[in-house]
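Below is one structure; the comments refer to it alone.
The values are calculated or read from the model by the stated rules, or taken from the named source; none is laboratory data. Source: prediction; values computed, not measured. When we count neighbours, we look across all protein chains shown, and the Cβ atoms used for this are built from the backbone with ideal geometry, even at glycine.
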């Protein structure tokens with residue numbers, strides 16, 4: 001859905017249903033992202049909020065960080081987590097952004113991304129160019145490409161991304177900020193339910 005339209009519970013439910021309709025059990029995501037979504041909620045809402053999400057989704061929080069799990073399960077968990085966080089951080093978009101940020105921080109600190117981060121050497125351009133490899137370590141679907149529009153700006157295109165724009169905004173912002181650059185700007189635009197581009201810049 002376009003930016004800012006996921007405000008009413010029925011709109012959020014409709015968007016989740018649409019995304020579940022274009023994914024399947026063969027699409028997978030690592031357990032660290034499931035755990036990260038709960039960590040984002042736990043930080044602001046405590047254990048009671050986490051317990052509520054697990055009850056809503058029928059999950060038990062026994063994910064292994066490095067193991068792949070069906071992506072539809074992550075979608076349901078992330079939407080429940082964002083709905084729980086939304087009143088605490090402003091709105092649903094802000095909550096998804098925060099969950100995306102946590103996802104990237106967990107990934108960049110994992111064994112999967114260690115070599116990628118080392119090779120980037122603090123260079124945001126090199127890190128962004130390595131993101132497709134990084135995504136492939138975390139997800140078994142989707143395509144991401146980067147086009148540079150200036151020395152400190154570019155456009156990331158994502159196909160079959162499956163998550164809403166704010167989530168990926170949080171991911172990209174966290175990746176850029178970990179390199180130490182300042183004034184990071186990330187602005188996403190959905191082209192369809194599963195395709196979007198993100199204009200990024202920093203100083």
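Yes/no per residue for (1) in contact with a helix residue (DSSP H, G or I) (Cβ under 6 Å, 6 or more places away or on another chain); (2) over 27 Å from residue 193 (Cβ atoms):
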residue	(1), (2)
43	no, yes
50	yes, yes
65	yes, yes
70	no, no
75	yes, no
86	yes, no
91	no, no
Worksheet item: Hey, among 36, 46, which residue is loosely packed, with under 13 Cβ neighbours inside 10 Å and part of a helix (DSSP H, G or I)?
Response: 46
Practice prompt. Name the one entry in 170, 180 that is touching a residue at least 24 places away in the same chain (Cβ under 8 Å), assigned by TED's automatic domain parsing to the domain that holds residue 126 and at positive phi.
Written response: 180
Worksheet item: Which condition number in (1) touching a helix residue (DSSP H, G or I) at 6+ places or on another chain (Cβ under 8 Å); (2) under 24 Å from residue 26 (Cβ atoms); (3) outside any strand (DSSP E or B) is the one that residue 158 fails?
Response: (3)
Worksheet, complete the sentence: Filtering region 157-167 down to residues that are under 16 Å from residue 133 (Cα atoms), crowded, with 22+ Cβ neighbours inside 10 Å and in contact (Cβ under 8 Å) with a residue 40 or more places away in the chain yields 158
Fill in: residue 104 surrounded by 18 or more Cβ atoms within 10 Å (Cβ to Cβ), outside the structural domain of residue 168 (by TED's automatic domain parsing), at pLDDT below 95 and touching a helix residue (DSSP H, G or I) at 6+ places or on another chain (Cβ under 7 Å)
yes
